[in-house]
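Read the structure below first, then the notes.
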Amino acid sequence: MDAESPFNGHWPYYSESEIDAVTAVLRSGKVNYWTGQLCREFEQEFANFCNVRHAVALSNGTLALELAMRALDISSGDEVIVPCRTFIASASTVINCGAKPIFADVDSESQNITADTIKAV
């Protein structure tokens with residue numbers, strides 16, 4: 001496999017162009033909303049790419065999951081179906097919102113939950 005392939009056995013995988021882009025931002029010193037426009041520009045470009053009005057850049061996927069739960073008003077008494085084979089944040093963010101994670105099995109080929117594995121719970 002070539003060096004640019006995301007399937008070279010390493011995780012997380014970052015391409016050289018991604019590393020170069022992050023390096024350029026770090027070297028600029030403009031790493032937040034107070035010191036520059038780079039984050040806002042990225043958010044707008046990403047929103048355009050996704051054909052939506054807004055996008056918000058966050059520091060990690062765990063925070064993104066928790067904010068999504070809060071935006072959906074997930075709270076005490078709610079149950080959220082999560083895959084049984086996943087990163088811990090899939091369940092911990094549910095718990096942080098006061099809800100209960102319900103674990104669904106994953107499909108043996110895709111390793112994702114499916115309508116059938118969700119129906120089983």
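Here, each number is a calculation from the coordinates, and none is a lab measurement. The model shown is predicted, which means the values in this text are computed figures rather than measured ones. Cβ coordinates were reconstructed from backbone atoms using ideal geometry, including for glycine residues, and neighbour counts include every protein chain displayed.
Once segment 32-56 is narrowed to residues that are hydrophobic (A, V, I, L, M, F, W, C) and surrounded by 12 or more Cβ atoms within 10 Å (Cβ to Cβ), the residue that is nearest to V94 (Cα to Cα) is A55. Do we find that I88 is more than 30 Å from I118 (Cβ to Cβ), exposed (fewer than 14 other Cβ atoms within 10 Å of the Cβ) and aliphatic (A, V, I, L, M) in this structure? No; evaluated as a whole, the condition is false for this residue. Against the numbered list (1) in contact (Cβ under 8 Å) with a residue 24 or more places away in the chain; (2) over 21 Å from P12 (Cα atoms); (3) out of contact with any Asp or Glu (no Cβ under 9 Å at 6 or more places or on another chain), V94 comes up short only at (3). Report yes if some residue within segment 12-34 is touching an Asp or Glu at 6+ places or on another chain (Cβ under 9 Å), farther than 30 Å from D116 by Cα and in a loop (DSSP other than H, G, I, E, B); otherwise report no. Yes, segment 12-34 contains a residue that is touching an Asp or Glu at 6+ places or on another chain (Cβ under 9 Å), farther than 30 Å from D116 by Cα and in a loop (DSSP other than H, G, I, E, B).
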